[in-house]
Each structure stands twice: as C-alpha cells, then as structure tokens.
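A short write-up of the structure that comes next.
The values are calculated or read from the model by the stated rules, or taken from the named source; none is laboratory data. Treat the numbers as computed from the prediction; the structure is a model and nothing was measured. Positions of Cβ are backbone-derived with ideal geometry, glycine not excepted, and every protein chain shown enters the neighbour counts. Protein only, heavy atoms only, side chains kept; ligands, DNA and RNA dropped before computing areas. Shrake-Rupley method; radii C 1.70, N 1.55, O 1.52, S 1.80 Å.
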Amino acid sequence: MRWVLLLSLIFVSASANAEEVWLVIGASDPTPAGIAQKAKRSGQDSGIIIQSRDCGDKSNVFVWAVKIEPSSKAAKETLETFHFPGAYIKKCQITQGSLLAFRENVVDRSIADVPATTVNWEDADRVSSIQPLQQTGHIVISRYYNGSVDDPLEGRRERVILIESSGARHLLQQECVNPEDFTTTGGLIAYQCVIGQAGDQLLHNVVVFAMDGKKLKEIRNCRNPKLPIKGSVACQRESVGADGALRLQIMNQFY
C-alpha cells in the first residue's frame, strides 16, 4: 500500500510539473505523409505538426496545430479568427522531453513533397525523433526531404540538432545518415553517421562537437565513439577485406 501511495505521489508531482497548453488544431491524420499534405494544402506557413502521444494520449495521431495557446480562453479567441473547416481545440499536458516540449515539428513540412512514386520511403523516414543526453540536453534528429529522388536515398535526409539544458539550439549537421551512438562527457558530444557501404558492410564516420555547436574532429571509417579524456576520441577503425568481412581496430586520436 505504501508503494502504491508513493507511486501516486510521484505521478501527481510529475503531472504538476508538466506544461499545460491548449492546441488550436486545423487538421489531423493517422499518417505522417497525410498530415504534411494537409498542412501544405491549408496555405498556412505557421503552426506546428505534432503527435498526440506528446500530449500523453495512448493512441497516436498526427495533428497540425495552428497555434499553441496558454489558456482555454486564448485558444477559443484564436479559433474564432481561424476560418478553417473542422478546426477544434485540444487540451494538452505536454510530455516532458518530447518534441512538442521543445516546439519541434514531428513531421517536417518538406515531407509533403515526397513523390508518391518513391519505393523506399517508410513512415519512420518521415517522423523526427528526440533523445535525452546525460544531464546535458537533448538531441533532435529531424528527418526531411531534400527535393531530389535521383540519389541513392531518394531524397531522405536527417539533420542533427543539439538542444542544451539551457534551451539553446545548435545545428550540428544538416545531413547525417542514420546518426547514432551519441556519447557525451566534459562538455563534448560525439556520434557516428553512415558514409558508405563496402560489400554488405556499412561504413561510418565519427564526429566530435563542443556543446556550443563547434565541430572539433571528424574521423572517417570509424564507429562506436568514446570520449575517454579531454582532447581525445576513441573509436573502432573499420576495414573490409577482400572476403567481405568487417574488421575493427580500436584507435585513439587527439584534437
């Protein structure tokens, strides 16, 4: 019984700290492609595309919110001035650490322009994501379409954005294929991107940034970055033999 009470108190405390807003919603759709197209057809450049999961909903849909208001009264006033069929108001308890908490689009507007003839695009390629860093902020992986279907990725792109604990934003890379293995220490952040393929093996590069967004080091054909000491980055050097087998060798580089 004591544990139940404790968990209830923790839940109430977390809920009390959650930001409460009212969304003025112009459209909704179960798919990321669908909501991007509806937002585009509205002719409005403003607003934000979110997922209802970021409001704590168990079932998830994508919505285009014309505006995020701090009160029900303000939301009703905005709704009255927004002449769009089917628009409505939704109360939202924003999930902490979500894309919505940082006012980041879960679906980039460019997704509306992905041609229907593409064959390799999946819903996961259309939806941005966020992940926490150890006590230093969050990483946003913003997925977008670069306007060309003629390259091997059919225009699929990912940008890497660092959001510091202070709320400051830094664009680390405009293009990084499959960013992953983020690690931080001493005011530094390192991660890897896919840069190519040899046989059946993916090849990577490792990049190191300061928390102010300044790029400090890039190592090609390396993976699994570590930051053992200040001024040094460790990773596993990649090589692929004539037999197609991947070989990894631990290496350190200074910067």
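For first residues located in segment 42-63 and in contact (Cβ under 8 Å) with a residue 24 or more places away in the chain and more than 12 Å from Ile25 (Cβ to Cβ), partners that are open to solvent by 60 Å² or more (accessible area, probe 1.4 Å) and not hydrophobic (A, V, I, L, M, F, W, C) and lie 6+ apart or on another chain with Cβ distances below 7 Å form the pairs Gly56/Gln93.
Let's see how each residue does on (1) among the β-branched types (Val, Ile, Thr); (2) closer than 25 Å to Gln131 by Cα; (3) in contact (Cβ under 8 Å) with a residue 12 or more places away in the chain:
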site: Pro179; (1), (2), (3): no, yes, yes
site: Thr185; (1), (2), (3): yes, yes, yes
site: Ile189; (1), (2), (3): yes, yes, yes
site: Gln192; (1), (2), (3): no, yes, yes
site: Asn205; (1), (2), (3): no, yes, yes
site: Phe209; (1), (2), (3): no, yes, yes
site: Arg247; (1), (2), (3): no, no, no
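Check Gln131, Gln93, Gln135 and return the single one that is outside any strand (DSSP E or B) and of a type outside the set (Lys, Arg). Going through Gln131, Gln93, Gln135 in turn, just one is outside any strand (DSSP E or B) and of a type outside the set (Lys, Arg): Gln135.
With the requirement that a residue be within 23 Å of Tyr191 (Cβ to Cβ) and in contact with a helix residue (DSSP H, G or I) (Cβ under 8 Å, 6 or more places away or on another chain), what does segment 111-137 give you? Hits for segment 111-137 are Arg126, Val127, Ile130.
Total residues in segment 188-222 satisfying the condition of being under 30 Å from Asp243 (Cα atoms), open to solvent by 40 Å² or more (accessible area, probe 1.4 Å) and either at pLDDT 95 or above or in a strand (DSSP E or B) (or both): the figure is 7. I want to confirm something. Restricting to segment 138-187 and keeping residues that are in contact with a Cys (Cβ under 9 Å, 6 or more places away or on another chain) and not in a strand (DSSP E or B), which single residue is surrounded by the fewest Cβ atoms within 10 Å (Cβ to Cβ)? In this case the residue turns out to be Glu175.
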